[in-house]
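Report on the following structure.
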Amino acid sequence: MTSEQELPHEPERIVAVGRGIELCVETIGDPSAEPLLLVSGLSQQMHAWPLELCRQLAARGLFVIRFDNRDVGRSTHLRDVKPPSPLQLATRRFSARQYALGAMALDTSGLLDALGLESAHVAGRSMGGMIGQTLAARQPDRVRSLTSIMSMTGARRSGRPALSTWRLMTTPPAKTREKSIEKAVVLWRHIGSHGFPFDEEQVRADAGLAFDRGHDPAGVARQLAAIMKSGDRTREVATIAAPTLVIHGDRDMMVAPSGGRATANAIPGARHETIRGMGHDLPVGAWPRLVELIAGHVEAASGAREDAASAAA
């Protein structure tokens, strides 16, 4: 096992992934190791996967990749696509130019191409889990294993946010760095992991970094519309053949735990794990369990993959 101090670390760079989209990507670990692609959630940039957590995953023998999805951070912002109106969000009737999760899944496969990878293990949180599910269903040869964290299938009766969460989400977007940070503190204090200590200092630092790297409320609105435009994906999710691990917290007020159960029930052979006290974030106290679950799942899938290749040979 490589020590964290010795791990290779390629800093942020911009790569073209096709269709006029560029993504900002960063890698941690040995490029010859099993690749693990980490996909972020709604409005979240690559640092929503904390660097120290990435290093711990890389120390388990993984080549960890984190990146900004389209419309956030330093990746392409589709400013020529008008953000959805409140009426469009309420009726779920969007313009033809509004992209869906399928386009974001194509971004991830394009990123694998740009990195010279035929396939990867994929772990996505929240919206990132939905993107991972879509990629695994539509391009199964690109996904060695799937870990869907605090996510859902889009089914209307599962994974719904609490009404109090909706009220916070529908407040007007912050226009200044200071107000953006204060709004983030209120939101994450509400949807974060109530079973673990709340790290306000880290929330403030992350919110400030996100503002500096690319504050774009219109882009976040387009991401939200992508989720809603994709609708109920249960039938598609049921076609996933990749070994799948579903992780959810029992204190999640953004994506109710029923979303995790519905995901696990939809995917044949999926394993479902609950982390007690975890909400809609990745608290430091949960990292040992998260690392063990994710790395263990990758190791098991890789072993099964090698056994299958040997049997075929």
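Sorting 302-311, 105-114, 283-292 by average packing, meaning the other beta carbons within 10 Å per residue, from highest down gives 105-114, 283-292, 302-311. Candidate values (i) 34, 61, 4; (ii) 27, 27, 24, 19, 3, 0; (iii) 31, 57, 11, 0 were compared with P(r) over Cα pairs in 20 Å bins from 0, in percent computed on the shown model; the agreeing label is (i).
Taking a Cβ cut-off of under 15 Å around ASP107, the surrounding Lys, Arg, Asp and Glu residues balance to a net charge of +3, with basic ones at +1 and acidic ones at -1.
Please order VAL186, VAL246 by the number of other Cβ within 10 Å, starting at the fewest. All intermediate terms of the calculation are to be shown ahead of the outcome.
On the way: VAL186 12, VAL246 26.
The fewest-first ordering by Cβ neighbours comes to VAL186, VAL246.
Tell me what the chain gives for mean residue ellipticity at 222 nm when only DSSP H runs of n ≥ 4 count, each as -39,500 (n - 2.57), the sum divided by the residue total, rounded to 500 deg cm²/dmol. Kindly include the intermediate steps, with their values, before the conclusion.
On the way: 11 runs with 131 residues, N = 313.
Mean residue ellipticity at 222 nm (helix-derived): -13000 deg cm²/dmol.
Rounded to the nearest 5, the antiparallel percentage of DSSP beta bridges internal to the chain is 30%. Only one residue of ILE28, LEU224, PRO11 has its Cα farthest out toward the positive end of the dipole of the chain, where Lys and Arg carry +1 and Asp and Glu -1 on Cβ, and that residue is LEU224. Peptide packing for 119-126, 214-221, 83-90 was compared via the average number of neighbouring C-beta atoms within 10 Å per residue; ordered from the highest value, the list is 119-126, 214-221, 83-90.
Each of THR239, THR170, THR147 was scored by other Cβ atoms within 10 Å of its Cβ. Arranged with the fewest first, they read THR170, THR239, THR147.
From the alpha carbon centroid of the range 91-126 to that of the range 219-283 is 16 Å.
Give, rounded to the nearest 20 debye, the magnitude of the charge dipole that the range 159-313 has about its Cα centre when Lys and Arg contribute +1 at Cβ and Asp and Glu contribute -1 at Cβ.
Details: 19 positive and 18 negative charges, 137 e Å.
Dipole size: approximately 660 debye.
Each peptide in 201-211, 45-55 was scored by the mean count of other Cβ atoms within 10 Å over its residues; highest first, the order is 45-55, 201-211.
List every DSSP H helix in the chain whose Cα atoms extend 30 Å or more along the helix's own long axis and whose mean Kyte-Doolittle hydropathy is at least -1.0.
Values: long enough: 287-312 (37 Å, 0.15).
Both cut-offs are met by 287-312.
Taking a Cβ cut-off of under 13 Å around ALA218, the surrounding Lys, Arg, Asp and Glu residues balance to a net charge of +2, with basic ones at +1 and acidic ones at -1. Dipole magnitude for the range 236-313: about 180 debye, using +1 per Lys or Arg Cβ and -1 per Asp or Glu Cβ, origin at the Cα centre.
Laboratory data are not the source of any read-out in this text; all were calculated from the coordinates shown. The structure presented is a predicted model; accordingly, all values stated were derived computationally and were not measured. Every residue, glycine as well, gets a Cβ built from its backbone with ideal geometry; the counts of neighbours run over all protein chains shown.
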